[in-house]
Amino acid sequence: MTVFLLRRLLQAAAVVLVMSLLVFLGVYAIGDPVEILISPEADQIERERAIQALGLDLPLWQQYLVFLGRALQGDLGLSFVFNEPALRLILDRMPATLELAVGATLVALVIGLPLGLYAGLRPHSPVSKGILAGSILGFSLPTFWVGLMLIMVFAVQLGWLPSTGRGETVTVLGMRWSFLTRDGLAHMVMPTVNLSLFKTSLVIRLTRAGVRETMLMDYVKFARAKGLSPARITFVHVFKNILIPVVTVVGLEFGGTIAFSVVTESVFAWPGMGKLIIDSINVLDRPVMVAYLMIIVLMFITINLVVDITYSLLDPRVRLEGKS
């Protein structure tokens, strides 16, 4: 296990270094923030002073080396717009995004696993066909349209839930959380459901396919021949084995949920990282854009490592040395 972790950490460091170069070059090749941030009425001296203050007067390779040196010290630069550390801006918005991502993943598992299990065990029943049809809708419906419909029905017409914002929050460990308050939970319901729609459909289809495949395995037939109850066969022999691919895919999708929560946060005016990156793109706030993308890269790497370890714990036959 120690050798595996060391190898993965070295691989992660190499990936982060390469991605930092790609992200930096990609972001800094888009547009000119000077045209947006500096007033067109400013004279040449003021423009040159502002360009120098932003560090945009250096060649691109020097800007990258400066960025890399500061990044190793935990400094991803100052926001052009807010004049605050970009990393601090991202971390301030991170709890809001994590709340939605974790909530959406839990909703997907709580709803998707039992529905997929039922659809796999009774594939020809009308209910199973309805579940599959619903999963297809979950894949097909645009996220922004579903969000608007949720607002129209539950906020405007019925008045059951608040339409936008994060609601009341409490500070725990220096970070603001909304799921710990009743008002915050009410604000979380619609964006969480909206964000979980695709993931729920994915879990349903993964679980159904896994059940259908596992029910044909020899050890399941042997368990039936031994006279084990259907419930024991389902939850001990079948369910445990289908969890392996589900955990793997859901774990990887969790990173995607964080990265692509932009649409949901924009529709519901949720003050998370996604909304911040959209606002930063509009004004070409390069340090914030780079900081956001680098944090997403680190999240994906961490999630991959956790998924690999969880995979090996669920299936003892997996050898970490072989996976590395």
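The figures follow:
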{"read-out": "Sole residue being in contact with a His (Cβ under 9 Å, 6 or more places away or on another chain), at pLDDT below 80 and in the same structural domain as THR97 (by TED's automatic domain parsing), chosen from VAL283, VAL247, VAL220", "value": "VAL220"}
{"read-out": "Residue pairs meeting the criteria (Cβ under 6 Å; at least 6 apart or on separate chains; first over 14 Å from LEU197 (Cβ atoms), in the range 127-139; second not in a helix (DSSP H, G or I))", "value": "SER128/ARG122"}
{"read-out": "Selection count where residues are buried (at least 22 other Cβ atoms within 10 Å of the Cβ), in contact with a Phe, Trp or Tyr (Cβ under 8 Å, 6 or more places away or on another chain) and not in a helix (DSSP H, G or I), scope the range 262-297", "value": "1"}
{"read-out": "Residue within the range 178-191 that is at pLDDT below 90 and over 23 Å from LYS275 (Cα atoms) present", "value": "yes"}
{"read-out": "Those residues of the range 152-197 which are in a helix (DSSP H, G or I) and surrounded by 19 or more Cβ atoms within 10 Å (Cβ to Cβ), in sequence order", "value": "GLY184, HIS187, MET188, MET190, PRO191, THR192, VAL193, ASN194, LEU195, SER196, LEU197"}
{"read-out": "Test: residue in the range 141-159 that is over 23 Å from TRP270 (Cα atoms) and within 19 Å of the chain's Cα centre (by Cα)", "value": "no"}
{"read-out": "Residue list for the range 85-115, filter: under 16 Å from GLY174 (Cβ atoms) and out of contact with any Gly (no Cβ under 6 Å at 6 or more places or on another chain)", "value": "PRO85, LEU87, ARG88, LEU89, ILE90, LEU91, ASP92, MET94, PRO95, LEU98, GLU99"}
{"read-out": "Residue list for the range 227-282, restricted to those being on the phi > 0 side of the Ramachandran plot and either β-branched (Val, Ile, Thr) or without any contact (Cβ under 8 Å) to a residue 12 or more places away in the chain (or both)", "value": "GLY227"}
{"read-out": "Subset tally (residues that are outside any loop (DSSP other than H, G, I, E, B) and touching a residue at least 12 places away in the same chain (Cβ under 8 Å)) for the range 75-90", "value": "5"}
{"read-out": "Residue within the range 116-134 that is assigned by TED's automatic domain parsing to the domain that holds PRO245, open to solvent by 60 Å² or more (accessible area, probe 1.4 Å) and over 27 Å from LYS240 (Cβ atoms) present", "value": "yes"}
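Yes/no matrix, rows are residues, columns are (1) of a type in the set (Gly, Ala, Ser); (2) open to solvent by less than 20 Å² (accessible area, probe 1.4 Å):
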| site | (1), (2) |
| --- | --- |
| GLU213 | no, no |
| ALA223 | yes, yes |
| GLY227 | yes, no |
| ILE233 | no, yes |
| VAL249 | no, no |
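The values are calculated or read from the model by the stated rules, or taken from the named source; none is laboratory data. It should be emphasised that the depicted structure is a prediction, and the values quoted were computed from it without experimental measurement. Positions of Cβ are generated from backbone atoms using ideal geometry, with glycine treated the same way; all protein chains shown enter the neighbour counts. Each accessible area value is taken on the protein alone, full model and side chains, heavy atoms only, with ligands, DNA and RNA left out. Shrake-Rupley method; radii C 1.70, N 1.55, O 1.52, S 1.80 Å.
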